[in-house]
Each structure stands twice: as structure tokens, then as C-alpha cells.
1. Output the qualifying pairs, or none if there are none: Cβ atoms under 8 angstrom, residues six or more apart or on different chains, first residue in segment 44-70 and free of Cβ contacts under 8 Å to residues at least 60 places away in the same chain, second residue acidic (Asp, Glu) and not in a helix (DSSP H, G or I).
2. In segment 35-79, how many are farther than 12 Å from residue 24 by Cα and β-branched (Val, Ile, Thr)?
Amino acid sequence: PLGCVLFDLDGTLLDTAPDLGAAVNHVLISEGFAPLSDNIIRQTTSHGALGLLRAGLGDELLEELGATRLRTALLDYYA
């Protein structure tokens, strides 16, 4: 038997791109990098925290700086 049903409504009922954008830009700026444009944020929000960070830093730099650390910083700010 089915115990529960979960819905992922982020981006469906609520437009969270501005809040996630503020969080990723906070992290990027605090690390000395340029913020993402609203257009890039809207295009990559559905890729999650790491996708947003990847859009701002690229794969290599994200790994070099510590993807887990930066993702945690983004999610802490977002919370």
C-alpha cells in the first residue's frame, strides 16, 4: 500500500528563482566572483544549487573551490 504521495511544487506554484538567485549570487560575490544575471538564473534554477554554482564558476573551478562547501553555503543562505 502507498504510504504517502510527495509533490515537488518548487517552480510550479512558487517562483523561487529570485530567492535561489540571491543565494547563489551571495556565495559568488563572497568568493570574489561576478554574480549571475537574472536570465542565467532563470535558465539554470531547475538544475539545483550545484547547477547554479556551475553556471557561475564552471566545473573545474567549482571542484577546486569545494563544491560541497559552496553548495552548503548557498543552501544556508537560501534557508
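We did not get these values from a lab; they are worked out from the coordinates using the rules stated. No experiment lies behind these values; they were computed from the predicted model shown. As a convention, Cβ positions derive from the backbone with ideal geometry for all residues, glycine included, and neighbour counts pool all protein chains shown.
1. Going by the 8 Å Cβ cut-off, the qualifying pairs are 65/31; 70/31.
2. The qualifying residues number 1.
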